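Below you'll find the structure, written out as structure tokens, and then a few comments.
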Amino acid sequence: MQFSKPKSSTLVLFAIAIISIITLASWSVPMTSGMFSRFFNTTDTVPRKCDIKIVELNEAIAQLQKATESLKERDISGEMAKAIESINLEDIHNNVEDAMLQAKSALAKVDVQKIKEEVSLALAKIDKEKIEEQVKLATANLQPQIQKSLEEAKRELEQAKQELESAKQKIRKEKI
């Protein structure tokens with residue numbers, strides 16, 4: 001038995017048949033992600049851990065800014081409470097009394113009985129004790145809220161500082 005030289009068309013058909021068989025066989029194999037990385041080594045320019053640390057630092061900075069703004073708002077309310085406390089009702093009352101004395105002397109000069117009666121009625125209506133009591137109540141009601149707000153702001157600020165410090169330490173450890 002002698003083998004004859006194969007024709008070129010037979011060789012082409014044989015090559016097409018082999019390529020078809022390989023293609024059909026590989027079709028049944030599912031493609032999975034990371035198939036490329038099995039054969040080739042790929043690296044990113046920025047390590048994943050650094051990206052995570054940067055995100056954590058950005059979050060810590062945002063929280064610190066938020067706490068700072070909150071603390072500024074609470075400082076304003078504290079200054080308002082101090083201003084309310086610094087109102088000296090006795091000085092105000094003395095000023096009102098001086099003004100009333102001046103008004104009485106002016107009335108004596110004018111000498112109008114009806115005006116004197118109206119002024120004395122107005123003086124009777126002004127109640128120093130009531131005004132002081134109302135201011136004290138308002139101050140007492142505001143004081144616990146202000147204290148609570150200040151304590152909360154201090155806690156938030158301290159927490160943000162701790163988070164920043166821990167993030168700095170983590171980054172220093174990774175650099176080493």
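The values are calculated or read from the model by the stated rules, or taken from the named source; none is laboratory data. Remember, it's a predicted structure, so these values are computed and weren't measured experimentally. Positions of Cβ are generated from backbone atoms using ideal geometry, with glycine treated the same way; all protein chains shown enter the neighbour counts. Keep in mind that these areas ignore ligands, DNA and RNA; they rest on the heavy atoms of the full protein, side chains included. Shrake-Rupley method; radii C 1.70, N 1.55, O 1.52, S 1.80 Å.
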What does the accessible area of LEU157 come to, in Å² to the nearest 10, when a probe of 1.4 Å is used?
40 Å²
Could you rank ILE52, ILE146 by how accessible they are, 1.4 Å probe, largest area first?
ILE52, ILE146
Tell me the label-point distance for the pair GLU117, LYS130, using the 7 Å Cα-to-Cβ offset, in nm and rounded to one decimal.
2.2 nm
Kindly flag which residue pairs out of LYS104/LYS130; LYS53/LYS175; LYS53/LYS173 have an alpha-carbon separation exceeding 19 Å in this structure.
LYS104/LYS130
